[in-house]
Amino acid sequence: MSLRERRQMNLFKLPNKKKKLEENISQELKVRNNDPTKQDYFGYLIPKPEKPDLVNLSDAITKKTMSPVDLIAPSQIEVDFDYFKINDIYFRTLYISGYPRFVSPGWLNPIINFDHSLDISFFIYPVEGQDVLNELRRKITEMEAELSTDIQRGKIANPVTEAKLEDAKIIQGLLIKGAERFFQFSFYITIPATSKEELDSVTKGVESALGSILISANHAILDMEKAFLATAPFGRDTLLITRNMDTTSLATTFPFTTAELSSNRGVLYGINSQNDSFIIFDRFELENGNMVVFATSGAGKSFFVKLESVRSLIVGTEVIVIDPENEYKALAEAVGGEYIVFSASSPSKINPFDLSQIYTEGEDQLGLKILTLHSLFKIVMGNISPIQEALLDRALINAYRAKGITQDPETQKLEPPLIEDLYKALIGMETENALDLAARIEKFVKGSYVGVFDHQTNINIQNPYTVFSVRDVEDAIRPVVMFIILDYIWTKVRRDIKRRLLIVDEAWHMMKYQDSAQFMWSIAKRARKYYLGLTTITQDVEDFLNHDIGKAVVTNAAMRLLLKQSPAAIDKISEVFYLSQGERQLLLAADVGEGILFAGPHHAPIRVVASPEEYAFVTTKPQDMEQMKNQTTQVNSEQIAVASANIK
């Protein structure tokens, strides 16, 4: 047999020899593990150490029966080719060996949010810039020479080499300008498991998750002990498997890409779209309880607010709603709330001249009420001159004085005047300016708007869920009516302090006039002192934010919800809320009930969800309403048929 043939025979035998050697070693290890007196290959006895059971840790420390190292040391450690076992827990470490050419911020989300406990370690080593430039220059020369040689030989240039050359030149230019720095980056993942089967299953899942973002991971075979120490909290890179990265690429590895908005108590607001965690917290634990909701029509803003309001009842929060479109009627009936219809012909009346009947030392309640009435009548009367404003102030004081009400707190418990008394006070002045003012409010006294607010207040908020409906109020005076209702609610809030939510739907009505917007802002600014959370909802984002007061209301809200936005409004929204490009795209492409929730300094993507029972009385979709109506009709027909059969 020739030398070449003998070598080939030996090559075929090598795998069999290696396999046989591994079997012998494995068998020897098993025997040594089972027999504590088994001799090793050098003839020494190898006793199998066993850690005694710790009955009482404090006694062991006090009596010093064991050293601190022995106290915290595991009972046994087993090092295998592909795993590391401590007591009954298996560990396997993967090192990242290959990265895609391009990555985006948050590319580690599949691993950070993996549905299993993982120990992840990053090691970052700065590299001297000159050394990197020298190495890049050499690599660029080599790649250019390779491409030039291929072209001279008539071959097609290697596209991989061309891509590498392009990247190298870009990095070289950035390093020379000082726009980038260079680093070496190590990335290790250790997987714990309670069994070998679970370890293999979880490992495949991690490898699949990494493969989905074009990242290659290898097992640290024959180095499992060092690999385990690399992910232990010692700050030691015992493997030293690195990858070159520039500053921009390294920044994308920042692991904290998702925000958790969850606490032990509060209200369920929705589900975090990034990691499917619950968004649960108490808005009154933030710096204030105010919230603004911005979205296009049909994006689910009222749906969200209704869910929050009904869930807030569970934690003992009283809810008051100003409803411009009768959207809260079914919800109020479902929770046993009070639904108050406000219009000229309705029996429910509010007198805007009501006093709070709260005496605070150093505070003039009558003066504050007159200032509020100034704002109200500026909306009613329109622009007035300084002379007319002075006459209005005098007429208001005279109207209260005619009822015996002065700055004395005892007199403020008397019956307050009506708008008719103000009208008579203006007429009695007999001046041209006063008569002009009287003419402007005459329609509310004996004109087309009579009955809107020319009666004494006959309602009292006692129900924990109260809704004021203003759908039947004409658009021309809707801001006036909403102002009156808000003022009445604010008086009630100050009189009886308790945990409350005030929901103002379609708040853009209040932004149409400077005085009503200012009143809205004063409530938002002072609500925290009276345990009140103000929720402002609007679909007319630009009109709301074009006012400085509208921006101030947003700034004073600790919670902000942005649902789907229109392309026309996204620029304004981005400017006010400092949205990134990705967040802009999320809001433009969001489905119904999806958006971004800001809570204090944190924010997270949210998906609003409801149970079937909640959905039934929260939804306002016409198709859902029609379907439920048909089902109710069908059930009623069946009940009538059964009753008729029983009678027969």
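The values are calculated or read from the model by the stated rules, or taken from the named source; none is laboratory data. Note that the structure is a prediction, hence the values are computed from the model and not measured. Don't worry about glycine lacking a Cβ; one is built from the backbone with ideal geometry, like all the others, and counts go over all protein chains shown. Surface areas here come from the heavy atoms of the whole protein model, side chains and all, with no ligands, DNA or RNA. Shrake-Rupley method; radii C 1.70, N 1.55, O 1.52, S 1.80 Å.
Take segment 580-597 and flag every residue that is under 14 Å from the mean Cα position of the chain (by Cα) and open to solvent by less than 20 Å² (accessible area, probe 1.4 Å).
Leu587, Gly593, Gly595, Ile596, Leu597
Restricting to segment 443-456, name every residue that is within 50 Å of the chain's Cα centre (by Cα), among the charged types (D, E, K, R) and part of a helix (DSSP H, G or I).
Within segment 443-456, Lys443 is the sole residue that qualifies.
What about Thr317, is it hydroxyl-bearing (Ser, Thr, Tyr), open to solvent by less than 50 Å² (accessible area, probe 1.4 Å) and over 14 Å from Tyr488 (Cβ atoms)?
Considered against the rule, which asks whether it is hydroxyl-bearing (Ser, Thr, Tyr), open to solvent by less than 50 Å² (accessible area, probe 1.4 Å) and over 14 Å from Tyr488 (Cβ atoms), Thr317 comes out as yes.
Take the residues in segment 59-90 that are open to solvent by 30 Å² or more (accessible area, probe 1.4 Å), of a type in the set (A, V, I, L, M, F, W, C) and in contact with a helix residue (DSSP H, G or I) (Cβ under 8 Å, 6 or more places away or on another chain), then tell me which one is modelled with the lowest pLDDT.
The extreme case among them is Ile61.
Contact list please: Cβ distance under 8 Å, first residue in segment 596-620 and without any contact (Cβ under 8 Å) to a residue 60 or more places away in the chain, second residue open to solvent by less than 40 Å² (accessible area, probe 1.4 Å) and assigned to a strand (DSSP E or B), pairs at least six apart or on different chains.
Correct list of pairs: Ile596/Leu561; Ile596/Leu562; Ile596/Ala604; Ile596/Pro605; Ile596/Ile606; Phe598/Met559; Phe598/Leu561; Phe598/Leu562.
Tell me which residues, restricted to segment 351-378, are of a type in the set (A, V, I, L, M), under 41 Å from the mean Cα position of the chain (by Cα), at pLDDT 85 or above and open to solvent by less than 20 Å² (accessible area, probe 1.4 Å).
Result: Leu373, Leu376.
Restricting attention to segment 610-627, and to residues there that are at pLDDT 75 or above and either assigned to a helix (DSSP H, G or I) or in contact with a Pro (Cβ under 6 Å, 6 or more places away or on another chain) (or both), which single residue is least open to solvent (accessible area, probe 1.4 Å)?
Per the stated criteria, the residue is Val618.
Is it fair to say Leu534 is in contact with a His (Cβ under 7 Å, 6 or more places away or on another chain) and in contact (Cβ under 8 Å) with a residue 40 or more places away in the chain?
no
Over 30 Å from Leu165 (Cβ atoms) and among the aromatic types (Phe, Trp, Tyr): is that true of Tyr90 in this structure?
Here the answer is yes, as Tyr90 does meet what is asked.
Only one of (1) outside any strand (DSSP E or B); (2) surrounded by fewer than 15 Cβ atoms within 10 Å (Cβ to Cβ); (3) of a type outside the set (Phe, Trp, Tyr); (4) touching a Ser or Thr at 6+ places or on another chain (Cβ under 7 Å) fails for Glu180. Which number is that?
Unmet for Glu180, out of (1) outside any strand (DSSP E or B); (2) surrounded by fewer than 15 Cβ atoms within 10 Å (Cβ to Cβ); (3) of a type outside the set (Phe, Trp, Tyr); (4) touching a Ser or Thr at 6+ places or on another chain (Cβ under 7 Å): (2).
Can you name the residue in segment 413-442 that is among the β-branched types (Val, Ile, Thr) and open to solvent by 30 Å² or more (accessible area, probe 1.4 Å) and is also farthest from Ser385 (Cα to Cα) among such residues?
Out of the qualifying residues, it is Ile427.
Considering segment 97-135 alone, what residues qualify as being of a type in the set (S, T, N, Q) and either closer than 20 Å to Gly582 by Cα or surrounded by 14 or more Cβ atoms within 10 Å (Cβ to Cβ) (or both)?
Answer for segment 97-135, where residues must be of a type in the set (S, T, N, Q) and either closer than 20 Å to Gly582 by Cα or surrounded by 14 or more Cβ atoms within 10 Å (Cβ to Cβ) (or both): Ser104, Asn109, Asn113, Ser121.
Looking at Ser148, Ser186, Ser201, can you tell me which residue is under 30 Å from Ile89 (Cα atoms), open to solvent by 40 Å² or more (accessible area, probe 1.4 Å) and either outside any helix (DSSP H, G or I) or not charged (D, E, K, R) (or both)?
Unique residue meeting the criteria: Ser201.
Which of the helices (runs of 4 or more DSSP H) contained wholly in segment 306-424 include at least 3 residues that are among the β-branched types (Val, Ile, Thr)?
So the answer is 365-381.
Scan Leu561, Leu532, Leu502, Leu545 and give me the residue that is buried (at least 19 other Cβ atoms within 10 Å of the Cβ), touching a Lys or Arg at 6+ places or on another chain (Cβ under 6 Å) and within 22 Å of Tyr465 (Cβ to Cβ).
Among Leu561, Leu532, Leu502, Leu545, only Leu532 is buried (at least 19 other Cβ atoms within 10 Å of the Cβ), touching a Lys or Arg at 6+ places or on another chain (Cβ under 6 Å) and within 22 Å of Tyr465 (Cβ to Cβ).
Restricting attention to segment 548-558, which residues are in contact (Cβ under 8 Å) with a residue 60 or more places away in the chain, of a type in the set (Val, Ile, Thr) and surrounded by fewer than 20 Cβ atoms within 10 Å (Cβ to Cβ)?
Hit for segment 548-558 is Val554, nothing else.
Return only the number of the condition from (1) part of a helix (DSSP H, G or I); (2) modelled with pLDDT of 85 or more that Gly595 does not satisfy.
Every listed condition holds for Gly595 apart from (1).
Restricting attention to segment 204-218, and to residues there that are open to solvent by less than 50 Å² (accessible area, probe 1.4 Å) and farther than 15 Å from His116 by Cα, which single residue is nearest to the chain's Cα centre (by Cα)?
Ile213
Checking the condition in a loop (DSSP other than H, G, I, E, B) and surrounded by fewer than 17 Cβ atoms within 10 Å (Cβ to Cβ), which residue from Gly173, Gly154 passes?
Of the residues listed, the single one that is in a loop (DSSP other than H, G, I, E, B) and surrounded by fewer than 17 Cβ atoms within 10 Å (Cβ to Cβ) is Gly154.
Residue by residue through segment 380-395, note down the ones that are in contact (Cβ under 8 Å) with a residue 12 or more places away in the chain and open to solvent by 60 Å² or more (accessible area, probe 1.4 Å).
Ile387, Glu389, Arg394
Quick check on Ala334: is it open to solvent by 10 Å² or more (accessible area, probe 1.4 Å) and in contact with a helix residue (DSSP H, G or I) (Cβ under 7 Å, 6 or more places away or on another chain)?
It is true that Ala334 is open to solvent by 10 Å² or more (accessible area, probe 1.4 Å) and in contact with a helix residue (DSSP H, G or I) (Cβ under 7 Å, 6 or more places away or on another chain).
Looking at Asp472, Asp454, which one is of a type outside the set (Ser, Thr, Tyr), open to solvent by 70 Å² or more (accessible area, probe 1.4 Å) and modelled with pLDDT under 85?
Asp472
Would you be able to say whether some residue in segment 471-484 is in contact with a strand residue (DSSP E or B) (Cβ under 8 Å, 6 or more places away or on another chain), over 22 Å from Leu286 (Cβ atoms) and part of a helix (DSSP H, G or I)?
Checked against the condition, which is being in contact with a strand residue (DSSP E or B) (Cβ under 8 Å, 6 or more places away or on another chain), over 22 Å from Leu286 (Cβ atoms) and part of a helix (DSSP H, G or I), segment 471-484 yields at least one hit.
From the list Ser522, Ser516, which one is polar (S, T, N, Q), assigned to a helix (DSSP H, G or I) and at pLDDT 85 or above?
Going through Ser522, Ser516 in turn, the sole match is Ser522.
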